[in-house]
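Chemist: I am attaching a structure below and will ask some questions about it afterwards.
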Amino acid sequence: MNLKTASKWVVITGTLLIWAVKFIIRPFVHIPPSFKPLVGFAPNLVGSFLLPFGACWFFRRFFKLQTQADLTFTCSFGLLLVIINEYLQRIPVFGRTFDYLDIFSSVVGVFCGHLVFGKLMSSKVAQMEVSVGEKA
């Protein structure tokens, strides 16, 4: 499976998980108080984890993602946008709530996404090098 296809399925699965947490688990499932913070920041964590995968699937034209430097730039840019979005929630007009824990979970999510996508990317590059070596 190529990287774009893998990214597609990771994004679809992650999106379904976020929707399940937001629209099924939070409103209809009793959550013990000790797990409420985890369920509260799970969408930020998962959504930020999906940033490099989404960039690979949707924005290949803008983010090449061929080297670790490209991946780092993409994740840093995505994290910057997530943090700006969180700070914009401080403006009362939007009717949303600002939370530092959301920013922290976004940082952790982007970091984990960077690690996982980097491993996938390097394994795909290694597979390509092996297949090119076999053809020669």
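Chemist: Please identify the pairs in which a residue from segment 76-94 that is under 13 Å from ASN44 (Cα atoms) has its Cβ atom under 7 Å from the Cβ atom of a residue that is of a type outside the set (S, T, N, Q) and surrounded by 14 or more Cβ atoms within 10 Å (Cβ to Cβ), counting only partners at least 6 apart or on another chain.
Modeler: GLY78/LEU51; GLY78/ALA55; GLY78/VAL110; LEU79/VAL107; LEU79/VAL110; ILE83/ILE103; GLU86/ASP102; GLU86/ILE103
Chemist: Further question on the same structure: Sort out which residues of segment 87-121 are over 14 Å from CYS56 (Cβ atoms), of a type outside the set (A, V, I, L, M) and open to solvent by less than 60 Å² (accessible area, probe 1.4 Å), and write them in order of number.
Modeler: Hits for segment 87-121 are GLN89, PHE98, ASP102, SER105, SER106, GLY109, CYS112.
Chemist: Only residues that are open to solvent by 100 Å² or more (accessible area, probe 1.4 Å) and of a type in the set (A, V, I, L, M, F, W, C): list them for segment 25-58, please.
Modeler: Result: PHE28, PHE35, PHE58.
Chemist: Return the residues of segment 38-93 that are of a type in the set (Ser, Thr, Tyr) and not in a helix (DSSP H, G or I); say none if nothing qualifies.
Modeler: THR67
Chemist: Determine if segment 72-86 includes at least one residue that is touching a His at 6+ places or on another chain (Cβ under 8 Å) and either at pLDDT below 95 or open to solvent by 50 Å² or more (accessible area, probe 1.4 Å) (or both).
Modeler: yes
Chemist: Pick out the one residue from ILE18, ILE12 that is assigned to a helix (DSSP H, G or I), open to solvent by less than 40 Å² (accessible area, probe 1.4 Å), under 30 Å from GLN66 (Cα atoms) and hydrophobic (A, V, I, L, M, F, W, C).
Modeler: Just one listed residue meets the conditions, ILE18.
Chemist: For a quick check of your reading of the model, give me the residue pairs whose first member lies in segment 27-47 and is within 18 Å of GLU86 (Cα to Cα) and aromatic (Phe, Trp, Tyr), whose second is in a helix (DSSP H, G or I) and open to solvent by less than 90 Å² (accessible area, probe 1.4 Å), with beta-carbon atoms closer than 8 Å and at least 6 apart or on different chains.
Modeler: PHE41/LEU101; PHE41/ASP102; PHE41/SER105
The values are calculated or read from the model by the stated rules, or taken from the named source; none is laboratory data. Predicted model only: the values in this text are computed from it and were never measured. Neighbour counts run over all protein chains shown; Cβ positions are idealised from the backbone, glycine included. All accessible areas refer to the heavy atoms of the entire protein, side chains included, with ligands and DNA or RNA removed. Shrake-Rupley method; radii C 1.70, N 1.55, O 1.52, S 1.80 Å.
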